[in-house]
Structure formats: C-alpha cells, structure tokens
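A short reminder: the numbers here are calculations on the coordinates, not readings from a lab. Please read these numbers as outputs of a predicted model, since none were measured by experiment. For neighbour counting, all protein chains shown are included, and Cβ atoms are generated from backbone atoms with ideal geometry for every residue, glycine included.
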Amino acid sequence: MIGRQPDMFVVAETDSGPNAVELWAKHRPHVSLIDLRMPGLDGIGVISAIRLIDAAARIIILSTYDTEEDIYQAIRAGARGYLLKDARRADVLDAIRRVHAGEALLRPDLTAKLAQRVTVDALTDRESAVLALVADGMSNREIGSEIHVEESTVKTHLKSIFTKLHVMSRTEAISVAMRRGLLRK
C-alpha cells in the first residue's frame with residue numbers, strides 16, 4: 001500500500017524490536033510505523049531507543065491495542081500518531097503524510113481515552129504490584145507476605161487503589177485495570 005504511493009516508499013520492514021531500532025538508525029526514515037507488541041523490545045522501547053538517536057524522529061504507532069495506558073505510554077515515549085490496525089488505508093496514508101508534515105495525529109476516540117488516562121490519578125509502583133497480586137488471586141495476608149509488609153499496609157494500598165480507580169471491590173478493580181491496560185493478561 002505504501003510502496004504504491006508516488007510520494008512514499010518503504011525503506012525497511014521487520015517484526016523485531018531490536019531490528020527496528022537498528023534499521024531505523026541505518027535508514028533514517030522520514031516516518032516510521034511501529035507496532036506496540038514485538039519480540040525482543042516492545043514498541044515503547046523502540047520509540048525510546050530511536051528518540052535517543054534523534055529526538056525529532058517521526059513515529060506512528062500502528063497497533064491492535066488501544067487501552068488508555070498503551071496510548072499514554074506511546075505518546076509519552078514520543079509517538080507523533082496512534083492508529084489502530086483496522087484503520088482505513090486512506091487514513092493510514094493521510095496519517096503518514098500529516099506526521100511527515102510535522103503534525104501530531106490522534107483519532108478523537110483515542111484522544112478521549114488519553115484524556116481519561118491523564119486525568120486519573122496514577123497508581124504507584126507498589127499499588128500496581130499489589131493489584132497484580134490481587135489479580136493472581138492472593139489474599140491480603142498472602143500479598144503482605146509476598147511483598148514483606150503488614151496486612152494492614154496491604155489494606156491501605158487497596159483503599160488507595162479503589163479510590164484512584166473509582167471502584168468498590170477487588171473484582172471491579174481488576175476489571176477496570178484490565179480495560180485501561182494497567183494489568184496484562
């Protein structure tokens with residue numbers, strides 16, 4: 001699709017994160033399409049590595065993943081656009097041209113998800129760890145033993161998690177966290 005455009009050509013392709021960085025450094029493309037999930041180094045890592053080489057690199061995420069956290073992490077790492085793989089061909093080509101011209105591109109529905117992620121209080125690393133252990137089915141006592149804190153401290157972390165996620169139960173917290181991309185399956 002890209003190679004058939006009179007104003008575009010593909011300089012390289014790969015399905016590996018480390019290779020993506022290596023090929024980017026070799027070819028220095030004007031715009032790169034990067035997937036979030038790749039072996040060896042994920043899309044966020046690829047963006048970060050490329051932007052260490054060139055802070056002005058123009059990168060578009062093209063992914064099947066659209067959780068608030070995925071979008072937030074990609075934009076935070078330096079992606080200039082974010083498209084889903086089910087995007088129309090014309091939209092992909094338009095995105096490449098617009099990002100090449102210096103614009104940032106985010107569909108309105110993805111912008112809304114990003115806005116929700118930005119306005120929600122972020123979980124601390126410890127809260128994220130507690131939530132992951134809750135998702136693994138551990139009791140408060142088991143979590144405390146696992147992370148070497150008192151059971152009352154686990155309860156304090158859970159209360160904070162519930163407040164930040166606007167939920168009332170462990171099950172609801174897991175569901176909301178999965179939907180937002182805060183927990184991986």
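Tabulated results
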quantity: GNM top mover of 71, 161, 53 - the chain, alpha-carbon springs below 10 Å; calculated: 53
quantity: Amide H within-cut-off set for residue 105, under 5 Å, with H built and near neighbours excluded; calculated: 81, 82
quantity: Listed residues 150, 172, 103, most fluctuating in the chain (Gaussian network, C-alpha, under 10 Å); calculated: 150
quantity: Note, ³J(HN,Hα) from phi for the stretch 41-49, Karplus 6.51, -1.76, 1.60, rounded to Hz, x at Gly and Pro; calculated: 7, 6, x, 5, x, 4, 4, 4, 5
quantity: Residue-by-residue Karplus 3J(HN,Hα) for the stretch 123-139, coefficients 6.51, -1.76, 1.60, Hz, glycine and proline x; calculated: 6, 6, 4, 5, 5, 4, 5, 4, 4, 4, 6, 4, 5, 7, x, 7, 7
quantity: Cα-based equivalent ellipsoid of the stretch 125-180: semi-axis lengths in Å, sorted from largest, via gyration tensor; calculated: 18, 11, 9
quantity: Viscosity 0.692 mPa s, temperature 37 °C, Stokes-Einstein D of the stretch 18-105 from Kirkwood C-alpha radius, µm²/s; calculated: 256
quantity: ³J(HN,Hα), Karplus 6.51/-1.76/1.60, whole Hz, each residue of the stretch 65-75, x for Gly, Pro; calculated: 9, 9, 6, 3, 5, 4, 4, 4, 5, 5, 5
quantity: For residue 32, distant residues with modelled amide H under 5 Å away; calculated: 58, 59, 60
quantity: Relative contact order (percent, whole number), the chain, Cα cutoff 8 Å, 6+ residue spacing; calculated: 15
quantity: Candidates 173, 101, 57: whichever shows maximal mean-square fluctuation once the chain is modelled as a Gaussian network with Cα springs under 10 Å; calculated: 101
quantity: Residues residue 152 and residue 54, FRET efficiency given R0 of 41 Å [Cβ-Cβ distance, rounded to 0.05]; calculated: 0.25
quantity: Sequence-distant residues sharing a close amide H with residue 38 (under 5 Å, placed H); calculated: 43
quantity: Length released on extending from residue 178 to residue 42, taking residue separation times 0.36 nm less the Cα-Cα span; calculated: 47.1 nm
quantity: Stokes-Einstein D in µm²/s, Kirkwood radius over Cα pairs - the stretch 1-158 at 20 °C with 1.002 mPa s viscosity; calculated: 122
